[in-house]
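Below: the structure, in structure tokens.
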Amino acid sequence: MFNADDLVQITAKGMLPETVEKQVLHFISGFPFVKLARPAVAGDGIHRFSDDDLQLYREFFRNNLSRVRALKFVPASGAASRMFKHLFEFREKYSPGPEGEALLQSSTGFNSVGYLFDHLDKAAFKHDLAMAAAASGHDLGKLLTDKEFNIVVDLLLSPAGLNYASLPKGLLKFHDYPEGARTAAEEHLVEAAAYTRDTHGRARIHFTISPEHRERFITLFDGVQSRYERVTGVSFEISFSIQKPSTDMIAVDSENQPFRNPDGSLHFRPGGHGALLENLNDLDADLVFIKNIDNIVPDHLKPETYRYKEVIGGYLLFLREQVNSCLLQLRDHLSGTGAANLAEIADFAWNHLSLDLPPDLGDYSPGLQAELLFEILNRPLRVCGMVRNEGEPGGGPFWVTGTDGKVSLQIVESSQIDLGDPGQKAIFDQSTHFNPVDLACSIRDFEGNAFDLRKFIDEETGFISLKSAGGRTLKAQELPGLWNGSMARWITLFVEVPIITFNPVKTVNDLLRKEHLPS
């Protein structure tokens, strides 16, 4: 399949030829749909805590945070260009005059371009936009009054202005304050100070970024870090990583043959957010909070966010303490240096961790029981916040039947489900909650060693889609999603969190929602 030059190219990316061959085979065979058993709902897969429970886990988090190395992990490499899709479409058609006015009138409502222009004075980037206009010899207010919206769009998106279309979301101004607007990345810095602070006053945060934006992120934090350290009373440890070339995926043509560039080289594409498992795997941390770059709120709404971060973090640490106690007992049992209450451990695994155990486990020999329980408990652990579904597209919590017949809790994307199957669609339609990507993760084992997270991937949960390059159609493949197949073999718990913890910015108009405006 590959010539000598191909092998040199593959090796230079840090990949093995057999890995790339396996990717090609996945194009040929495809990825199977997941088999939904039932939706995860409150009381059956999703924990809905009482006020007393909420307080219990918050206090447990605060009392035990000093015992762990906590870190916030923020995927921040995605470009913001999709935020401005409706502006690009508008710019192609608009010119001042009757036709332009008709174009504006044809689209109304909150998500319209007209709404953005009418409320531009509320956007956190309005000051920067006004300065960009002045630098190009314009007055922003006059441009809006004269309905020179084509110029306004150019000033916002093009390199001659703010160049927002080419920047990642983390570098865009999201929220306005009297002392000045903050980027999304700065808001995550403020958040990290609230729930990753250790006993030495350090708060750790890690951003995954694109290499072309690295210097801009460094410049941003060089300019603001000391100010936020004074305001929050912490010292920040800010780190960055980029998606590894070894996680790229080969593309193929319609015949499932390797797609080649005009120079004959193999065409590789980024492997999607599942590739970030490698970045997560490299972290030096016990407790990792994962949150998307665009899911952030201004200061006056942060306390509720902090509350539930402490809840899911406390619940994770509470469970981890019990899991580690079980594993220590099982280790001693297996080595002959102690005894484990196998029935009690099995009950904990079944009733508190929702782990599918053999129904006849009690008939196994004590040694075999201990081996099986040790294997099923000695895994990474995650607690995932889930919000009530209010029509958002994307993944949700389900009970899934694996190829081994065992049922487990998984976050599943709609594209992984055979919606042409009436039974599967019925289960999908019964789902009540949505995945906001609000995770607390334990990535060290009971002896304090880092798990190799790559060992807990379900490699049969990737994605295939049609793309193009140089005017030619190709088939692209993505790795199992970071919180989908890449964490499929983790111990997973779901907790209901309020909708206020989920405030993503999918379009620039979302920044005009009340949740992103000053109080």
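The values are calculated or read from the model by the stated rules, or taken from the named source; none is laboratory data. Predicted model only: the values in this text are computed from it and were never measured. Please note: Cβ atoms are built from the backbone with ideal geometry, for glycine as well, and neighbour counts cover all protein chains shown. Protein only, heavy atoms only, side chains kept; ligands, DNA and RNA dropped before computing areas. Shrake-Rupley method; radii C 1.70, N 1.55, O 1.52, S 1.80 Å.
So that you can scan it fast, the table gives a plain yes or no per residue for (1) among the aromatic types (Phe, Trp, Tyr); (2) out of contact with any Leu (no Cβ under 8 Å at 6 or more places or on another chain); (3) under 22 Å from residue 42 (Cβ atoms):
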{"site": "379", "(1), (2), (3)": "no, yes, no"}
{"site": "385", "(1), (2), (3)": "no, no, yes"}
{"site": "388", "(1), (2), (3)": "no, yes, yes"}
{"site": "409", "(1), (2), (3)": "no, no, yes"}
{"site": "448", "(1), (2), (3)": "no, yes, no"}
Can you tell me how many residues in the range 323-363 are closer than 20 Å to residue 444 by Cβ, among the polar types (S, T, N, Q) and open to solvent by 50 Å² or more (accessible area, probe 1.4 Å)?
2
Pairs, please: C-beta under 8 Å, at least 6 apart or cross-chain, first residue in a loop (DSSP other than H, G, I, E, B) and in the range 261-275, second open to solvent by 60 Å² or more (accessible area, probe 1.4 Å) and modelled with pLDDT of 95 or more?
264/5; 265/5; 267/260
Kindly state which strands (runs of 3 or more DSSP E) lie completely within the range 164-242 and contain at least 1 residues that are open to solvent by less than 10 Å² (accessible area, probe 1.4 Å) and out of contact with any Gly (no Cβ under 8 Å at 6 or more places or on another chain).
173-175, 202-208
Members of the range 461-472 that are in a loop (DSSP other than H, G, I, E, B), surrounded by fewer than 17 Cβ atoms within 10 Å (Cβ to Cβ) and in contact (Cβ under 8 Å) with a residue 24 or more places away in the chain:
470
Selection count where residues are of a type outside the set (Val, Ile, Thr), under 17 Å from the mean Cα position of the chain (by Cα) and farther than 18 Å from residue 418 by Cα, scope the range 458-513:
14
Looking only at the range 489-504, how many residues end up being at pLDDT below 95, touching a helix residue (DSSP H, G or I) at 6+ places or on another chain (Cβ under 9 Å), over 14 Å from residue 54 (Cβ atoms) and open to solvent by less than 40 Å² (accessible area, probe 1.4 Å)?
2
Have a look at 442, 414, 408 and point out the one that is open to solvent by less than 30 Å² (accessible area, probe 1.4 Å) and small (Gly, Ala, Ser).
442
Tell me, yes or no, whether the range 75-92 has at least one residue that is touching a Pro at 6+ places or on another chain (Cβ under 8 Å), acidic (Asp, Glu) and either surrounded by 14 or more Cβ atoms within 10 Å (Cβ to Cβ) or over 28 Å from residue 281 (Cα atoms) (or both).
no
Name the pairs: first residue in the range 101-123 and within 20 Å of residue 156 (Cβ to Cβ), second residue among the hydroxyl-bearing types (Ser, Thr, Tyr) and open to solvent by 50 Å² or more (accessible area, probe 1.4 Å), Cβ to Cβ under 8 Å, at least 6 apart or on different chains?
113/107; 114/107; 114/108; 115/108
Is there any pair with a first residue in the range 80-98 that is of a type in the set (D, E, K, R) and a second that is open to solvent by less than 60 Å² (accessible area, probe 1.4 Å) whose Cβ atoms are under 7 Å apart and which are 6 or more apart or on different chains, and what are they?
91/150; 91/153; 93/103
Out of all the residues in the range 127-163, which are part of a helix (DSSP H, G or I) and out of contact with any helix residue (DSSP H, G or I) (no Cβ under 7 Å at 6 or more places or on another chain)?
127, 128, 131, 134, 135, 141, 142, 145, 154
Among the residues that make up the range 60-74, is at least one of them of a type in the set (S, T, N, Q), in contact (Cβ under 8 Å) with a residue 40 or more places away in the chain and in contact with a helix residue (DSSP H, G or I) (Cβ under 6 Å, 6 or more places away or on another chain)?
yes
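Kindly indicate the residue of the range 134-151 that is of a type in the set (A, V, I, L, M) and closer than 15 Å to residue 122 by Cβ and also least open to solvent (accessible area, probe 1.4 Å) among those meeting that condition.
140
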Yes or no: the range 342-352 includes at least one residue that is touching a helix residue (DSSP H, G or I) at 6+ places or on another chain (Cβ under 7 Å) and within 24 Å of residue 170 (Cβ to Cβ).
no
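Considering each of 200, 188 in turn, give the residue that is modelled with pLDDT under 95 and of a type outside the set (Val, Ile, Thr).
200
Every residue, every condition in (1) part of a loop (DSSP other than H, G, I, E, B); (2) over 26 Å from residue 249 (Cα atoms), yes or no:
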| site | (1), (2) |
| --- | --- |
| 477 | no, no |
| 480 | yes, no |
| 486 | no, no |
| 494 | no, yes |
| 500 | no, yes |
| 505 | yes, yes |
| 511 | no, yes |
